[in-house]
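Take a look at the structure set out below.
Nothing in this text is a laboratory measurement; each read-out follows from the coordinates by a stated rule. Here the structure is a predicted model, which means the values were calculated and not measured. For neighbour counting, all protein chains shown are included, and Cβ atoms are generated from backbone atoms with ideal geometry for every residue, glycine included.
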Amino acid sequence: MKDNSPRDLEQVVIIGSGPAGWTAAIYAARASLKPLVFEGAGSRTMIPGGQLMFTTEVENYPGFRDGVTGQELMMEMRAQAERFGTRILTEDIVDVDFEQRPLVLRSSQGREVRTEAVILATGANAKWIGLPNEERLAQSGGGVSACAVCDGALPAFRDRVLAVVGGGDSAMEDALYLTKFAREVVVVHRRDELRASRIMADRALANPKIRVAWNKVVLEVLGEGEITGLLLQDTVTGEKSELAVSGLFVAIGHTPNTGFLEGKVRLKDNGYVEMPVPWRTHTSVPGVFACGDVMDDYYRQAVSAAGTGCMAALDAERWLAHGGIAAAAATAAGH
Ligand code: NAP
């Protein structure tokens, strides 16, 4: 049996196992850094394989002419990382000490790991409304999604009436994107005023295929195998109504998985990891790098996450080659 146990001192530990984490692992492993990946213990936030495990068909990841399922893509990336010597532990990292050198990580299994460099790739989770049928139909590919760019072009949504829930920029962007395929897009928003930036709101409201259902919350997602409609409630009058739709796109924001990093590495106001240098993956802590959705509140695509995973591994490799901890300590001491 393979021994995946941590060594006395790791060179690089990768936390997270979506496209960013696996790509970082592939690059780090091929650079002979023998990376150790904490792929997550399978809690709802830290599911091994990340958000792609919730999607069905991925049609926009280059190299797969006929599409690939999210799970297959993640299994292939994992296997590719293992092929080059990546060690994998199915545990969460629940605490970090970045004040110490080497850096210290503690896992959900009580394991303590010392490492020269860390790559953060814990991703972000789309927020859901929290309705039982919403979750069921999202997981079964029954017409509920939190990613219009991923799923909007699927045949089931062509020339249909689709709903987008949310009133922010993401909702406007998703609604506009969906007009390429849909007959009509109904934006369901819980207030009478959009949160979206003026330019995005104006653009969406001017589109003849988009209408807004103001002051409405979704009480229930209707349908058995596939979504057939939404049960809405007016937040002002309390009146209930049904809206027949063939697709629901939830666009009410994302939550980055940075809870265990608070006070340890600089985060932006919205909780995402702050990246002090443009086009680099360094964080505020020397030797700690970040990639994928945990630092990207803008693109959030599998392929862009994979790209930044590659960048993080190269940045970590160069940092280690230039002395890593010793160099950082000398700089801190003013040498
Ligand atoms: P957001 O700005 O936080 O907006 C979330 C929207 O969802 C709000 O309208 C909110 O309603 C609604 N909402 C939240 N929880 C809800 C619930 N449980 N049920 C129903 N509605 C709910 O999130 P975002 O739109 O994803 O944007 C995040 C950030 O990315 C923003 O800074 C945004 O400007 C940026 N962004 C920019 C672009 C662009 O410029 N092209 C595109 C996408 C995102 P309330 O308004 O009532 O709170």
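Convert each backbone phi in segment 158-169 into a coupling constant with the Karplus relation 6.51 cos²θ - 1.76 cosθ + 1.60 (shift: θ = phi - 60°), then list the ³J(HN,Hα) values in order as whole Hz, x for Gly and Pro.
5, 6, 10, 8, 10, 10, 10, 9, x, x, x, 4
Which aspartates and glutamates have a Cα lying under 15 Å from the Cα of K264, excluding residues fewer than 8 positions away in the same chain?
Answer for K264, where 15 Å is the Cα cut-off: D95, D97, E99, E274, listed by chain and number.
Once you mark the GluC sites (Glu not before Pro) that are in a DSSP loop and have at most 12 other Cβ atoms within 10 Å, what is the longest gap between them in the chain?
1-98
For each of H322, H282, count neighbouring Cβ atoms within 10 Å of the residue's Cβ, then give the residues from fewest to most.
H322, H282
Is the shape of the chain best called rounded, prolate or oblate, per the rule: a/c under 1.5 gives rounded, else a/b larger than b/c gives prolate, else oblate, with a ≥ b ≥ c the square roots of the Cα gyration tensor eigenvalues?
Verdict is prolate for the chain.
Averaging sequence separations of C-alpha pairs under 8 Å and six or more residues apart, then dividing by the length of segment 142-236, give the relative contact order as a whole percent.
The value is 25 percent.
How far apart, in nm, are the 7 Å Cα→Cβ label points at N207 and R266?
3.6
Name every cysteine in the chain that ends up alone, with no second cysteine's Cβ under 4.7 Å, or say none.
Flagged as lacking a Cys partner: C291, C310.
In terms of modelled amide H atoms, which long-range or inter-chain residues lie less than 5 Å from the amide H of V165?
So V165 has HN proximity to V188, F249, V250, A251.
Of V250, L219, F38, which is farthest on the positive side of the dipole of the chain, counting Cα position, with +1 on Lys and Arg Cβ, -1 on Asp and Glu Cβ, and the Cα centre as origin?
F38
Mind checking which lysines have their C-alpha under 27 Å from K209, skipping anything on the same chain fewer than 8 residues away?
Straight-distance partners of K209: K127, K180, K240.
With point charges of +1 on the Cβ of Lys and Arg and -1 on the Cβ of Asp and Glu, referenced to the Cα centre of the chain, which listed residue (F157, A321, A146) lies farthest in the positive direction of the dipole?
Comparing the listed Cα positions along the dipole, A321 ranks first.
List the residues whose amide H sits under 5 Å from the amide H of A182, counting only those 5 or more places along or on another chain, with H placed 1.01 Å from N in the peptide plane.
Close amide H contacts, sequence-distant or interchain: D159.
For the chain, what is the charge dipole size about the Cα centre, in debye to the nearest 20, if Lys and Arg each add +1 at the Cβ and Asp and Glu each add -1 at the Cβ?
500
Taking θ = phi - 60°, what integer Hz values does the Karplus form 6.51 cos²θ - 1.76 cosθ + 1.60 yield along segment 14-30, in sequence order, with x for Gly and Pro?
10, 10, x, 9, x, x, 5, x, 5, 5, 4, 5, 4, 5, 5, 5, 5
Under a Cβ-only charge scheme (Lys and Arg +1, Asp and Glu -1), can you give me the dipole magnitude of segment 121-217 about the Cα centre, in debye to the nearest 20?
Magnitude of the dipole: close to 180 debye.
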